[in-house]
Every structure is written in structure tokens, then in C-alpha cells.
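The values are calculated or read from the model by the stated rules, or taken from the named source; none is laboratory data. Everything quoted here is computed from the prediction, not taken from an experiment. Please note: Cβ atoms are built from the backbone with ideal geometry, for glycine as well, and neighbour counts cover all protein chains shown.
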Amino acid sequence: MRSAYTLRISLMDWQTYNGDSQMKIHTAQMTNSLEREEWYTPAQYIHAVKSVLLNIDLDPCSCAFANETVQAGIYINREENALLSSWPIVQTLYANPPYSAGVIAKFVERILDHHLTKGFQTGIVLINNVSDTKYWQQLAKASSLFCNTDHRICFVDSNGFQSKSNTRGQTIFLLTAQHSTAQHSTAQHSTAQHSTAQHSTAQHSTAQHSTAQHRFISSFRKYGVIAKAII
């Protein structure tokens, strides 16, 4: 689910509109923006997400209505503001963040930061297919796999109806712990520090990574093209 986290109208914004008709137009534009932000992930895609993650422990961009479908163990709503609040350490995460310009980049940064600091092991993130943006590139590089949909998802609006007004295709990213470690490993651990226990943990992480990839391919290949960023 994605929520309208930010729609700030300053006094000067209002003062630039002279006349009731112009203010009504501006009000309508704000209402439409809010409605577009309140788009929730349809049930069939959540089913595919759960086929990969098995359970969704955390959805940082949700609400009570959306969570009836997502059924995340923990969700963060608009009032709690996921950009400012702390996130719990979990095994799995699903996020369909708000797509507003200037907001989604912050959400992607927060999600990736939580992943890199081992805030979750495996996650799936759904955003618009905007491969020319920095945040899309960041997700692609951090992901194990991603699916570019061959269609536009008909998101569910706040009234429970599927919207036909989506103008873009989507990308669904798979984030795994093993891939995160490989992408962001450093030289601070010497060969002597790699104990048998650490080696065993790494093997377990690799196995989870492989299983998640297979599940992702099986669950999402019907929705579009599966790809992997080669860095």
C-alpha cells in the first residue's frame, strides 16, 4: 500500500490563486493527488509476495484497510510517518511506498538502509517502472532479481475498487540478505576472523537467497520479465 504522507500547502501557495474558481481547481488537484496516493496492492500480487516471503512481518507504508489484504504482522500508517519513526528488526518486509516526487526517493533510501543494517532478511518492494530515476537504479543494484511487469497494475483505491487510471508499468524488486552482503562487503573482516560458525551462517544465508530467488521467479514470471542487474 502507499499512502499520502506529504501534501503540504503553504500560505503563499494559496495566495498565488486569485478567485474562487482557481482555488476550487487547486483543491480538486489536491484531492486527486491524495486519491492517487491511496492506492493499495491488489490481492493477487500480495498472494505472489507471500509465495516468496511466506509471511510479511513488516509493511512500513500501510493502513488498517490495506492490511486486511496484506496481513503484515506489523504495519506503519501515515500518522506514524515511517520516514521519522523507528522500524523493528524483522525477517521479511513488503513495501508499496508512496510515489510522490521527492517522497519515494526517501522511502527507498530508508528501506535500503534498513536492509543493509540487517533490519530485515528478505523483502519485496513495488514501485513504478521508472528506470531513469536514481532510486529505481538503487533498488535494481541492491536487488537479487526484479520483475518488470508487462502491464499496468490496477491498484485498489480507498473505496475498495480497482483503479483504471494507472499510467505506468511497475517493477517488483526482491531484496535478499545474501545479495546485500555481497554488494556491501568490506575489507574489515580478515580471513582469520571467518570462524566455522560464520561460514555456516553464510551457507545458510546463501541457501535462503537461492530459495527466495526460485520462489520469486515461480511467483512473478507470469506478470512480466524477470531480470537481474549486472554491476
Do the conditions hold for Thr133, that is, is it within 26 Å of Thr167 (Cβ to Cβ), under 12 Å from the mean Cα position of the chain (by Cα) and in contact (Cβ under 8 Å) with a residue 12 or more places away in the chain?
no
Elements of type helices (runs of 4 or more DSSP H) in region 83-189, at least 2 residues being modelled with pLDDT under 95 and touching a helix residue (DSSP H, G or I) at 6+ places or on another chain (Cβ under 9 Å)
177-183
Mind checking which pairs have a first residue in region 45-63 that is in contact (Cβ under 8 Å) with a residue 24 or more places away in the chain and over 10 Å from Ile124 (Cβ atoms) and a second that is buried (at least 22 other Cβ atoms within 10 Å of the Cβ) and of a type in the set (D, E, K, R), Cβ under 8 Å, 6 or more apart or different chains?
Cys61/Arg2
Which of the residues spanning region 70-93 are more than 16 Å from the chain's Cα centre (by Cα) and among the β-branched types (Val, Ile, Thr)?
Ile89
Can Pro98 be described as surrounded by fewer than 19 Cβ atoms within 10 Å (Cβ to Cβ) and over 20 Å from Leu145 (Cα atoms)?
no
Answer yes or no as to whether Thr167 is over 20 Å from His209 (Cα atoms) and exposed (fewer than 14 other Cβ atoms within 10 Å of the Cβ).
yes
Considering only region 199-231, state which residues are assigned to a helix (DSSP H, G or I), at pLDDT 80 or above and not charged (D, E, K, R).
Ser210, Thr211, Ala212, Gln213, His214, Phe216, Ile217, Ser218, Ser219, Phe220, Tyr223
